[in-house]
């Protein structure tokens with residue numbers, strides 16, 4: 001825990017610096033500026049740095065995601081009228097204190113990622129398509145890690161009419177390790193070219209994609225989540241939302257638990273005022289496991305509250321009862337049904353020179369490739385802040401605790417605690433190129449009471465120092 005204290009101290013120091021900028025901040029550049037009129041060419045990436053930071057946050061389009069929907073709320077989107085695509089290339093090198101898989105290995109090793117990036121935004125009068133993709137090769141000096149490929153992809157298509165909004169989305173990843181904390185604070189964390197011109201990520205709510213927050217699941221894995229959502233405005237203040245997400249989690253190595261997830265939801269949204277809304281949702285989740293007779297059905301009903309201030313704040317709170325049914329009893333006894341509480345919270349806050357986001361989720365998930373279903377508490381957070389005219393800082397953290405579903409009724413079983421903590425710096429070296437430096441700690445703590453088998457590991461901490469070089473082309477305007 002000595003290392004954990006040092007990391008927490010570093011994050012607190014960075015947070016203090018972000019809240020107490022030095023005097024030079026008055027001449028810092030503004031990174032987000034209103035787009036040029038449609039008749040003009042897009043500005044080159046990095047041109048935003050010529051703006052004065054003291055300007056107010058530019059006007060944004062209000063977030064129109066339904067409160068009871070499948071996507072996270074946002075502070076809004078830039079009123080972009082262009083359609084364009086952007087390619088990019090990045091090189092990222094991790095120097096780690098031990099192997100990335102399960103924290104094994106001795107000494108330090110190096111893993112390099114060579115990545116091709118691509119982002120596209122296509123606008124029509126009643127529709128929008130956004131695509132983000134990153135993929136490439138990984139080369140490691142540690143034979144236990146080896147060489148391999150990695151891919152991340154996200155696509156979002158929306159159609160909007162007078163009363164109806166239809167959303168289709170897909171999110172895919174093929175990664176060498178768990179997605180929880182992968183590439184935290186670096187360009188590897190999300191697909192696409194990044195930066196202010198890249199389309200926003202899909203933003204599926206926490207708990208709607210296959211959990212990967214237990215590090216003992218070994219080897220490369222691929223995950224895909226496909227979703228669809230219909231929202232119909234009954235009145236100017238109220239709407240009905242129906243949605244569904246189908247997901248898979250697969251591994252290239254044996255010994256892990258592979259799963260299929262089906263999540264169906266229906267909800268009602270009501271606008272109390274310009275900035276405040278409430279909602280009610282029902283969600284059914286089904287988890288099935290390949291090669292196992294176990295299957296889980298999970299029912300939740302949640303009351304919701306949302307607050308949105310365009311360009312500044314997006315807040316969602318939800319809570320309610322959860323009823324979980326197991327096909328095969330877990331732990332002592334023959335109990336197959338459990339009643340508990342579930343809830344989530346998320347907040348995003350935008351500043352003129354940075355942003356902060358935080359999310360929490362409590363409930364049942366697929367088990368992260370280790371357990372046949374788990375009850376999980378997960379907290380993640382991140383933030384960015386411009387420190388000087390050239391340098392910007394970022395921090396990220398995550399904590400997840402996973403226990404056997406039967407453990408919620410007092411039966412002893414393994415508990416897995418995963419933590420990642422990271423801080424970083426970034427600066428441009430030209431209008432199309434930037435460099436970054438990050439430090440991340442990945443910590444796994446096991447409570448192995450009553451645990452037996454290959455998934456009972458030991459506690460470990462992995463330190464990572466990351467250097468990255470990112471290049472983006474000028475946007476290619478479609479119209």
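Please treat every number below as a calculation from the coordinates, not as lab data. Because the structure is a prediction, the values reported are computed rather than measured.
Taking every eigenvalue of the Cα gyration tensor of the stretch 102-194, multiplying by 5 and rooting it, what semi-axes result, largest first, whole Å? Let's see the in-between values first.
Values: eigenvalues 259, 31, 17 Å².
Gyration-tensor ellipsoid for the stretch 102-194: 36, 12, 9 Å.
How many percent of Cα pairs in the stretch 157-198 exceed 13 Å? Could the numbers behind the result be given before it?
Values: 590 of 861 pairs.
In whole percent, the long-distance tail amounts to 69.
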### Task
For the stretch 126-269, list log₁₀ I(q)/I(0) at each q in 0.15, 0.16 Å⁻¹, using the Debye formula over Cα point scatterers of equal strength and ignoring solvent, two decimals each.
-0.85, -0.94
### Task
Take the alpha carbon atoms of the stretch 181-215, find their center, do the same for the stretch 108-165, and report the distance between the two centers in whole angstrom.
9 Å
#### Entry: Dimensions in Å of the stretch 204-334 - Rg and Dmax from alpha carbons
18.0, 53
### Query
Over the stretch 280-406, what relative contact order in percent results from Cα pairs under 8 Å that are six or more residues apart?
17 percent
